[in-house]
Amino acid sequence: MYLADMTWDDVRNYLKKEDCLILPVGTCEQHGYHLPLNNDILSVEYFASKLSELTGVMVAPTINYGVNLPCDKLLSGTTGITYDLLRNLILSVTDWWRSQGFKKFILLTFHGDPYHIKALSDLAPDIFVIEAYEIEYQDVLEKQTTMRHACEAETSIALYLYPDKVKMNCVKEYDIPFEKFKEYLYHENTNQPENYTGCLGFPSLATKEKGEILVNRILEYLLSCFNEIKNK
Ligand SMILES: [Zn+2]
């Protein structure tokens, strides 16, 4: 159920029964040689629409830009907005919706840049954030224990959600262990890491089957986060 597809009167009627709104937050970010720049948008929109189906809560138009790693700046097509702009954008749109009767805003994102997540956090007591990738991976993946970037997990999810856009024949894999990548992840080093291909972890091991397990696990996780927020 999409807010933007409704008339204002439909939304007013919705607000008589429900006061929650899901706001997907994507980003325009390189995902290696094999996934499109809108990977995090496609994924978050899928999860938002499923969560809406399961709960009857409406989905607002996606925010298509987010905060990205400075080391990705020269990877063509990637772009980002500042931490302050992302916060102000969310505060600005939710301000109007709040005055119409919306009481809880659920920011849903599939993009894990730490400053992106920080920008979505602690905005207001009625704005909640769910990081849609916060699940267990170890039992499903072969060479990773956690989610990385355009990795075995993220690529498996893409293969399950939108196989036509995944170029498995173009995968260029060069893993940089988490400890070594940390300075780039936390925006301390803004240069491009040596031998960086834009992906981390082991995307060559991605399969649709792993993706299906992870997607279902994420949906379960989202539902439990949603119920927790509803009961607050
Ligand atoms: Zn991503």
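Before moving on, here are some points about what is shown:
- Shape of segment 1-65, Cα gyration tensor, a/c cut at 1.5: prolate
- DSSP-defined beta bridges in the chain - what % are antiparallel, rounded to 5: 10 percent
- Reported value for segment 60-148: 126 Å³ per residue, from the convex hull of its C-alpha atoms.
- Tyr2 versus Lys180: modelled label distance in nm, points set 7 Å from Cα along the beta carbon direction: 4.3 nm
- Across Lys50/Lys167; Lys104/Lys232; Lys118/Lys180, pairs whose alpha-carbon gap is larger than 20 Å: Lys50/Lys167; Lys118/Lys180
- Descending principal axes extents, the chain, alpha-carbon based, whole Å: 54, 36, 29
- Fully extending the segment from Lys17 to Glu134, taken as 0.36 nm per residue of separation minus the present Cα-Cα distance, adds 39.1 nm.
- For the chain, relative contact order (Cα pairs under 8 Å, six or more residues apart, normalised by length) works out to 24 percent.
- Sequence-distant aspartates and glutamates (8 or more away, or on other chains) whose Cα lies within less than 12 Å of Lys17: none
- Distance between modelled label sites at Lys118 and Lys208, nm, 7 Å Cα→Cβ extension: 4.1 nm
Values quoted throughout were computed directly from the atomic coordinates according to the rules given, and no laboratory measurement underlies them. Computed from a predicted structure; not experimentally measured. Here the Cβ is made from the backbone with ideal geometry for all residues, glycine too, and neighbour counts use every protein chain on show.
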